1. For I120 and L36, what is the calculated FRET efficiency with R₀ set at 41 Å and r taken between the beta-carbons, to the nearest 0.05?
2. Above 21 angstrom, tally the Cα pairs of the range 6-126 and express them as a % of all pairs, no decimals.
3. Given Cβ point charges of +1 (Lys, Arg) and -1 (Asp, Glu) and nothing else, what value in debye, to the nearest 20, does the dipole of the chain about its Cα centre take?
4. Assuming R0 = 30 Å, what is the FRET efficiency of S93 and K70, from their Cβ-Cβ distance, to the nearest 0.05?
5. Residue by residue through the range 50-56, which ³J(HN,Hα) values in whole Hz follow from phi under the Karplus form 6.51 cos²θ - 1.76 cosθ + 1.60 (θ = phi - 60°), with glycine and proline marked x?
6. Hey, what angle do you get for helix 70-99 against the long axis of the chain, alpha-carbon based, 0 to 90 degrees rounded to 10?
7. Using θ = phi - 60° and the Karplus curve 6.51 cos²θ - 1.76 cosθ + 1.60, what whole-Hz ³J(HN,Hα) does each residue of the range 106-117 get, with Gly and Pro shown as x?
8. S65's amide H: which non-local residues (gap 5+, or another chain) put their own amide H closer than 5 Å, with H modeled 1.01 Å from N in plane and none for Pro or chain starts?
Amino acid sequence: MDRARKDRLLAIVLSFLALGFLVLGILPYLPQGLRLPLFFGAGAWAGIGWGVAMPVFNGLMFDISDPRFKSLNTNLGMQMFQAGFFVGPFLGSALVGSAGFGPVFYLSALLSLTGACLMILFKRRAS
């Protein structure tokens, strides 16, 4: 992954994550025979996506940081991930409690696509 363009790779991975979240959101509306295979497929898809996105984001943060701020920015990036893992379940449970699981997955897909679009804009600005 060190040789790949991290901005492009992150945009692609976030787009694929959005697709996985969208599939999870529409599962209740699909025929019964498709639900279980698509559920496990989307779970594997999202797991691989997150497994690629997190290190690529950390590498991108390291690459774009000024040399004197590389360690600080890398640590702050990790703190932001940890904050998301802490705050996300609180906000997600409130959304699930009021609207159900579908909107959580649709919001996740929208936010992933937004991140992918921002990475494309970042690429254009950095060029």
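1. On the way: r = 35 Å, r/R0 = 0.85.
Once the sixth-power term is evaluated, E becomes 0.75.
2. Counting every Cα pair in the range 6-126, those more than 21 Å apart make up 46 percent.
3. Working: 10 positive and 4 negative charges, 70 e Å.
With Lys and Arg at +1 and Asp and Glu at -1, about 340 debye.
4. Numbers: r = 36 Å, r/R0 = 1.19.
For S93 and K70, the calculated efficiency is 0.25.
5. Per residue, the Karplus-derived 3J(HN,Hα) values read 5, x, 8, 5, 5, x, 5 Hz.
6. 20 degrees
7. 5, 5, 4, 5, 5, 5, 5, 5, 4, x, 5, 5
8. Long-range HN contacts for S65: none found.
Where a number appears in this text, it was derived from the coordinates with a stated rule and is not lab data. As the structure is a computational prediction, the values presented were derived from the model and not from experiment. FYI the Cβ positions are ideal-geometry reconstructions off the backbone, even for glycines, and counts take in every protein chain you see.
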